[in-house]
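The values are calculated or read from the model by the stated rules, or taken from the named source; none is laboratory data. Being a predicted model, the structure only gives us computed values, none of them experimental. Glycine gets a Cβ as well: all are built from the backbone with ideal geometry, and neighbour counts include every protein chain shown.
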Amino acid sequence: MAKYIIEGGQKLVGEVTVNGAKNSVLPILAATVLNNDTSTIFNVPNIRDFKIMIKILESVGCKIEAMDNFLTVDSKTLDKIRIPEELVREMRSSIILMGAMLSRCGQVEISYPGGCEIGPRPIDLHLKALKSLGADIKESHGFIYCKADKLHGAEIQLDYPSVGATENIMLASVKAKGTTIIRNAAKEPEILDLQDYLNKAGCKIYGAGTSVIRIDGVDKLNSVEHTIIPDRIVAGTYMAASAITSGELVIRNIEVEHLQSIIAKLREAGCLIYNNCTTLKIIGPKNLEAVESIQTLPYPGFPTDMQAQMMALLTIANGTSVLSETVFENRFKHVSELIRMGANIKTVGKVCVIKGGDGLLGAKVTAKDLRGGASLVLAGLAAKGTTIVDDIYHIQRGYENFANNLRTLGADIRKIF
Ligand code: EPZ
């Protein structure tokens with residue numbers, strides 16, 4: 001398995017441009033099956049999950065032309081309703097295809113995505129919502145069989161503001177008969193980006209970014225051109241990299257509004273941050289300060305996808321920080337690896353108490369999931385000596401050119417096979 005080898009202690013200095021958002025391009029690629037026409041998507045990220053979603057679209061008959069950072073999907077040739085099991089297992093978020101395929105074809109067969117490294121990842125909210133839109137859903141032998149002769153609008157109150165469930169409901173209801181209202185909808189920026197794509201295709205959706213979304217069903221959709229929003233978690237990860245190495249980074253092609261909760265916590269940790277709407281400069285202090293309390297929450301709260309990266313920098317901050325993970329059940333797999341590097345972290349249920357110490361020491365560690373893996377790289381950048389991060393395929397799911405970008409900024413990091 002490929003590994004990163006990192007010699008710690010280098011300050012990161014320079015500029016980095018952030019790629020398009022993984023968690024926006026995936027639902028929008030799922031949405032391209034809806035218009036039975038072409039979609040041209042710009043600012044796509046060259047990452048593993050994006051490539052898997054392309055394979056899935058091709059497996060159901062769509063034609064795809066991918067160039068360097070844009071692609072065209074032609075869904076006129078879509079002719080299959082079964083999503084290959086091995087691809088769903090490789091990327092559980094392909095479950096957002098369910099709503100789009102149900103809307104386009106009236107039926108879909110998809111394997112149960114199952115849990116992943118950060119928890120059981122149930123889809124009960126997705127299935128309950130699709131049933132209320134008129135879908136008939138059967139589950140057997142690990143597969144989900146959905147059928148709907150005609151989807152109809154419904155009023156849906158989500159028990160939890162699930163990002164995926166909100167997306168699936170939007171995708172299933174754009175051509176349903178009547179109006180659908182989603183209450184307690186997820187408010188992440190990626191939901192607003194999906195609404196923008198769908199409304200360009202002729203849909204009538206209002207309210208994305210708030211907790212109430214209205215979808216008026218339409219009959220016909222048209223071809224679309226759309227540019228994906230910047231990846232706020234990739235931006236936050238580079239910000240954390242500057243913070244943990246007392247660096248000075250300029251981060252370009254971002255939506256600063258999407259980063260406010262991350263900016264607030266990094267300022268609490270002692271970083272200097274200057275910004276306009278699309279660019280940010282972050283200067284890490286000589287010594288980071290502990291952050292009294294961080295709680296991951298649905299947007300606009302502090303993002304769960306930045307929890308591991310924040311934890312890495314808190315392990316070398318002065319003082320004690322308390323970090324609680326309220327979104328996922330099992331998102332502390334990076335803790336044991338950080339402890340191998342000398343971190344002082346006590347885990348009590350879904351709360352971690354992080355006592356900043358006198359620095360980390362390089363060690364052999366293993367990435368267990370996407371963001372946990374990124375946090376181990378950040379820790380390696382600050383550690384004394386050599387850190388080897390194994391199983392970096394997790395990290396490659398969501399970060400484009402990660403090691404090359406860090407090396408350009410002054411990190412001593414290389415990939416070995
Ligand atoms: C999306 O996952 C993101 N993935 C995740 O990013 C992100 O961490 C998460 O939203 C929260 O922001 C993509 O967009 C591809 P949820 P999703 O449904 O949709 C529970 C990354 O690192 N739940 O909002 O799966 C669930 O178990 C990834 O980029 C149910 O109980 O997240 C979890 O505890 C990781 N039943 C909570 O809700 C359901 O039917 C949040 O899940 C659905 C969800």
**Asked** Hey, does segment 81-94 have a residue that's in contact with a Lys or Arg (Cβ under 7 Å, 6 or more places away or on another chain) and over 24 Å from Thr180 (Cβ atoms)?
**Response** yes
**Fill in**
Of (1) away from the ligand (no atom under 16 Å from the Cβ); (2) modelled with pLDDT of 95 or more; (3) more than 17 Å from Leu12 (Cα to Cα), Ala367 fails just (1)
**Item:** Pairs, first without any contact (Cβ under 8 Å) to a residue 24 or more places away in the chain in segment 218-232, second not polar (S, T, N, Q), C-beta under 9 Å, six or more apart
**Value:** Lys220/Lys175; Lys220/Gly202
**Message:** Checking the structure you have, find out if any residue of segment 11-19 is surrounded by fewer than 20 Cβ atoms within 10 Å (Cβ to Cβ), more than 16 Å from the ligand (Cβ to nearest atom) and of a type in the set (Asp, Glu).
**Reply:** yes
**Message:** Please count how many residues of segment 70-94 are of a type in the set (Ser, Thr, Tyr) and within 16 Å of the ligand (Cβ to nearest atom).
**Reply:** 2
**Request:** Could you please tell me which pairs satisfy a Cβ distance under 6 Å, a separation of 6+ or placement on different chains, a first residue in segment 330-351 that is of a type in the set (Gly, Ala, Ser), and a second residue that is surrounded by fewer than 21 Cβ atoms within 10 Å (Cβ to Cβ)?
**Result:** Gly342/Leu361
**Item:** Lone qualifier among Glu109, Glu117 - being over 23 Å from Glu190 (Cβ atoms) and of a type in the set (D, E, K, R)
**Value:** Glu109
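Of the residues Val353, Val327, only one is within 16 Å of the ligand (Cβ to nearest atom), modelled with pLDDT of 95 or more, farther than 18 Å from Lys3 by Cβ and aliphatic (A, V, I, L, M); which?
From the options Val353, Val327, the qualifying one is Val327.
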**Prompt:** Exactly one of (1) over 18 Å from the mean Cα position of the chain (by Cα); (2) closer than 28 Å to Glu329 by Cβ is unmet by Gln107. Its number?
**Reply:** (2)
**Fill in**
Matching residues in segment 173-194 (crowded, with 20+ Cβ neighbours inside 10 Å and basic (Lys, Arg)) number 2
**Asked** Out of all the residues in segment 95-128, which are in contact with a Leu (Cβ under 8 Å, 6 or more places away or on another chain), in a helix (DSSP H, G or I) and more than 9 Å from the ligand (Cβ to nearest atom)?
**Response** Met98, Gly99, Ala100, Leu102, Ser103, Arg104, Cys105
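Just checking, does segment 43-53 include any residue being more than 22 Å from the chain's Cα centre (by Cα), in a loop (DSSP other than H, G, I, E, B) and crowded, with 23+ Cβ neighbours inside 10 Å?
no
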**Request:** Considering each residue of segment 290-321, count those that are buried (at least 17 other Cβ atoms within 10 Å of the Cβ) and away from the ligand (no atom under 14 Å from the Cβ), and give that number.
**Result:** 11
